[in-house]
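The values are calculated or read from the model by the stated rules, or taken from the named source; none is laboratory data. In this text, all values refer to a predicted model and were calculated from it rather than measured experimentally. Ideal geometry is used to build each Cβ from the backbone, glycine not excepted, and the neighbour counts take in all protein chains shown. Heavy atoms of the whole protein, side chains included, go into the accessibility calculation; ligands, DNA and RNA do not. Shrake-Rupley method; radii C 1.70, N 1.55, O 1.52, S 1.80 Å.
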Amino acid sequence: MFTRRDMLGRLAGGLTFLPAVAFAPRSILNTLLFEPDGSLVPAKPLPPNPFMRDGKALVAIVRGEDPPAMLQAGLNLIGGIGRLGLHGKRVLIKPNVVNDRPPPSTTNPKVVAAVVRLVREAGAHTVIVADSSGIIRFPSSANLAATGIKQAAESAGASVLALEEEPWVRVEPVGAKALPRYYVSKPVYDADVFINLPVVKTHRFAHYSCSLKNLVGIIHPRYRPSVSFLSPDWHERIAELNLAVHPHLTIADGTTLMIAGGPTSGTSARADILLVSGDRIALDAVAIALIRTFGAWPKVTEQAVWEQRQIKRAIELGLGVQGPRHIALVTQSLAGQDAPFERLVATIRKDLGV
């Protein structure tokens, strides 16, 4: 349901989006007007979460200033990268490259490089870093270069793809209502292991953006929520776009957060945090609670964590945990004794109800 504020926001967004599309290159107009070629494939089955303890999905919260050390600590807390069995596998890593701006608009290149190196060390046969930017921010190849993600990924041993330049497959997921059919990037669909690497940030229309929202970048532009900017079911569409493929691991970049505005620009805050989990709903719930600690974005603060519509629809679809009783937080500050971090974790636990 729309509020008056939501409607005005959507209209303002449309006034930006429509002129940009009208003057966009012909290739973008063709992309929006015509469906791609793409064979019908079944939606991928939801894989088991290997990062569990006592029947609960583990979510690691790590604070530090060294992304490789933070990543290693976070993975150790939930059981280690070895649980993914990466040896000989084709791994695709999907950061958030919505535009050409630095974090928190986009994923920190240091975090991307750290993930690539760890995956390579774990024996992956092929490592690909790939995304497709916001439609009016194309081409993604230029954004991947401008943000430093392309150089960071390639230096660490990955190849880099702009997904709008790659083939598509068509999916018709059971249970999808808002979008009963759509097209998904074939390289993502074909990957043996899919690692999601979003930024923790706010969003003017989706309210927040993390693991669930980051999968919009693997969807053909014609089927993205931004094309139907006046639609009242943005949140539900985002959740349903997660039915086609499923991240095996999500590592959310909270080194610098966006705590108001978004997704392309907004108010930033340094947090020096990584979130790591095998469950996208559990991780998003923690990300929302983290954003809420800053009290700067009413679209998140005015609704409890478990009342956020992305979360509610994802739970209905069975995409992860069903609520707070199924989450276990594991935490570490690399600084050792860290009272502010301990207070932050306590606030997050209370807000989540875990």
| message | Under the rule a/c < 1.5 gives rounded, and otherwise a/b versus b/c splits prolate from oblate, where does segment 80-210 land using the Cα gyration tensor? | response | oblate
| At a probe size of 1.4 Å, how large is the accessible area of Tyr208, to the nearest 10 Å²? | 0 Å²
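Which is the longest run of the chain containing none of the GluC sites (Glu not before Pro) found in DSSP loop states (not H, G, I, E, B) with at most 15 other C-beta atoms within 10 Å?
After excluding every exposed loop site, the longest remaining stretch is 66-301.
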| field | Neighbour net charge for Leu197 - beta-carbon separation under 11 angstrom, K R +1, D E -1 | value | -1
| said: How long are the semi-axes of the equivalent ellipsoid of segment 118-169, defined as square roots of 5 times the Cα gyration tensor eigenvalues? Whole Å, largest first. | reply: 22, 14, 7
| query | What is the percent of Cα-Cα separations in segment 139-257 that go past 26 Å? | reply | 19 percent
| message | For Cα pairs less than 8 Å apart in space and 6+ apart in sequence, what is the mean separation divided by the residue count of the chain, i.e. the relative contact order in percent? | response | 23 percent
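Within the chain, what percent of beta bridges assigned by DSSP are antiparallel, to the nearest 5?
Working: 25 of 50 bridges.
That works out to approximately 50 percent antiparallel.
I need to check one value: relative contact order of segment 169-300, counting alpha carbon pairs closer than 8 Å and at least 6 residues apart, in percent. Working shown, then result.
Values: 238 pairs, mean separation 35.2, N = 132.
Relative CO of segment 169-300 lands at 27 percent.
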| Projected label distance in nm at Asp190 and Arg90, using a 7 Å step from Cα toward the beta-carbon | 0.5 nm
| Got a sec to turn the phi values of segment 324-337 into Karplus ³J(HN,Hα) couplings, 6.51 cos²θ - 1.76 cosθ + 1.60 with θ = phi - 60°, whole Hz, x for Gly and Pro? | x, 5, 10, 10, 10, 8, 10, 9, 7, 9, 6, 7, x, 4
| message | Run the numbers for Ala69 and Leu334: contour at 0.36 nm per residue of separation, minus the present Cα-Cα distance, in nm. | response | 94.6 nm
| task | Estimate the FRET efficiency between Thr347 and Glu154 by the formula 1/(1 + (r/R0)^6), using the beta-carbon distance for r and 41 Å for R0, to the nearest 0.05. | result | 0.55
| query | Once label points are set 7 Å from the Cα along Cα→Cβ at both Asp54 and Gln322, what is their separation, rounded to one decimal in nm? | reply | 1.9 nm
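Expressed as a rounded percentage, what relative contact order does segment 217-283 have, with Cα pairs under 8 Å and six or more residues apart? List each step's numbers first, then the result.
Values: 68 pairs, mean separation 17.9, N = 67.
It comes to 27 percent, rounded to a whole number.
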| Considering only DSSP beta bridges with both partners in segment 46-176, what is the antiparallel share in %, to the nearest 5? | 20 percent
| Which one, (i) 5, 21, 31, 26, 12, 4, 1, 0; (ii) 6, 27, 38, 24, 5, 0; (iii) 5, 20, 22, 20, 16, 10, 4, 2, 1, 0, gives P(r) over Cα pairs in 10 Å bins from 0, in percent as derived from the coordinates shown? | (ii)
